[in-house]
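To start, the structure under review is shown below, and the notes come after it.
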Amino acid sequence: MNWGAMDRYAKSLIKEAGHHIKHSFFTEIEISSKSSANDLVTNIDREIEQFFITRIRRDFPNHRIMGEEGFGDEIQSLNGVIWFLDPIDGTMNFIHQKRNFAISLGIYIDGIGMLGYVYDVMADDLYSAMKDEGAYLNDIRLPQLTDTTIEESIIGVNASWIAPNRYVENNPMIELVNTCRGTRSYGSAALEMTHVATGRVDVYVSMRLSPWDIAGGMIIAGEVGAISSTLNGEQSSLLEQETFIVSNASIHSQLLEDFIVLKK
């Protein structure tokens, strides 16, 4: 596999898709809900996913695709080359803010992440990485992350984690919020992972993320030394929804041991 050529191909597709998304603001956007009133999808999400799938199937018929909107393949194993695609990560932001959303793409072979991309469409910022070749923002190499402490960290976490909930013990989360330097929540898992990769935040944690949410960002974050795992400390399976954390390596273990406690 010529990964350099694949990288150029993927970047071209992403930029073309981004142009289509920007143009969509001049058209009527159709909005509907999926699993709940807050789980939104638009005709643009579907059109962009179909755009990617049509091109990939034409040019790489032996590759498989897992896409959020369900137009790809049914993936039950990680064998071969798989494209993990979220055409618009942060659909609620896309609808309400017309910003703070991204195209997320990860290309894996036999479960190993080879190419990762997160494209902040409105900022025209393309984060990219190739396995063992570093991570980049608009072709400028990102530096390796430096060690930090909980007290010096900014935590990417949704406010609902602090209130009583059915997933994690909220009292340790309150302690984490009171101990860290600050918290942020941006509404796009893919963009939050790039914030960890650039050191803008030091941790991002979330429940129920799907493979297409994290596949691209994991490769980017890993290339600057960040650690990604489930909240049990296990590697993501990339086959189902899972809990998720990506963080500066120096505080990853402490977060899971002392602050982020899953309910039994």
Helices (runs of 4 or more DSSP H) fully within the stretch 141-232 counting 3 or more residues that are more than 29 Å from Met130 (Cβ to Cβ): 170-179
The stretch 142-173, residues that are modelled with pLDDT of 95 or more and farther than 30 Å from Gly116 by Cβ: Glu151
Residue in the stretch 52-72 that is modelled with pLDDT under 95 and of a type in the set (A, V, I, L, M) present: no
Among the candidates Ala197, Ala189, Ala215, Ala129, residue that is at pLDDT 95 or above and in the same structural domain as Asn93 (by TED's automatic domain parsing): Ala129
Single residue of the stretch 112-162 satisfying the filter (β-branched (Val, Ile, Thr), within 30 Å of His23 (Cβ to Cβ) and out of contact with any Leu (no Cβ under 8 Å at 6 or more places or on another chain)) that is surrounded by the most Cβ atoms within 10 Å (Cβ to Cβ): Val121
Condition check for Tyr119: in contact with a Ser or Thr (Cβ under 7 Å, 6 or more places away or on another chain) and in the same structural domain as Ile14 (by TED's automatic domain parsing): no
Hits in the stretch 233-264 (condition: assigned to a strand (DSSP E or B), touching a residue at least 40 places away in the same chain (Cβ under 8 Å) and not small (Gly, Ala, Ser)): Thr243, Phe244, Ile245, Val246, Leu262
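The values are calculated or read from the model by the stated rules, or taken from the named source; none is laboratory data. For clarity, every value in this text was computed on a predicted model and none was experimentally measured. Every residue, glycine as well, gets a Cβ built from its backbone with ideal geometry; the counts of neighbours run over all protein chains shown.
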